[in-house]
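Data block below; observations after.
Throughout, read-outs are computed from the coordinates displayed, never taken from laboratory work. Predicted model only: the values in this text are computed from it and were never measured. Every residue, glycine as well, gets a Cβ built from its backbone with ideal geometry; the counts of neighbours run over all protein chains shown.
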Amino acid sequence: MTVWLVVGLVAVATIAFKAAGPVLLGGRLLPVGVRGVVALLAPVLLAALVVTQTVGGDGGLVLDARLAGVGAGAAAIVARAPLPVVVIVAAAATALARMVT
């Protein structure tokens, strides 16, 4: 198989998989329990990605400057700072931690 054939097959499979939900469910509503789970999927996946990118490393736990940035950003969110301020605080904390170490 050539690379482009594999790319094409993966593309077709992806389109079919994404179309399956709307085609199978049509205009029907999801059950209440399922709606609650679906509503929580995006925040949970985002949190999982943040954690794995922050402390995940080569087969183990890595504690470095990224953790300081995430912590500072979380503190800025708790303090109800606007999003641009949160990003600047997190970047500054990461830069400071990298400068110190």
Legend entry - Folded to 0 to 90 degrees: helix 3-25 orientation relative to the chain principal axis, Cα: 80
Legend entry - Helix-only [θ]222 nm of the chain, DSSP H runs n ≥ 4, -39500 (n - 2.57) each, per residue, nearest 500: -27000 deg cm²/dmol
Inset, instruction - Working from Cα positions, state the angle (0 to 90°, nearest 10) between the long axis of helix 32-55 and the longest principal axis of the chain. - result: 40
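From the convex hull of the Cα coordinates of the chain, what is the mean projected area in square nanometres?
Computed as one quarter of the Cα hull surface, the answer is 11.7 nm².
Using packing as a proxy for protection, rank 18-28, 66-76, 42-52, 80-90 so that the peptide with the highest average count of other Cβ atoms within 10 Å comes first.
66-76, 80-90, 42-52, 18-28
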Legend entry - Integer Hz, Karplus 6.51/-1.76/1.60 couplings in order for segment 74-79, x for Gly and Pro: 5, 5, 5, 5, 4, 7
Legend entry - Test item: Cα-centred dipole of the chain, Lys/Arg +1 and Asp/Glu -1 on Cβ, debye: 320
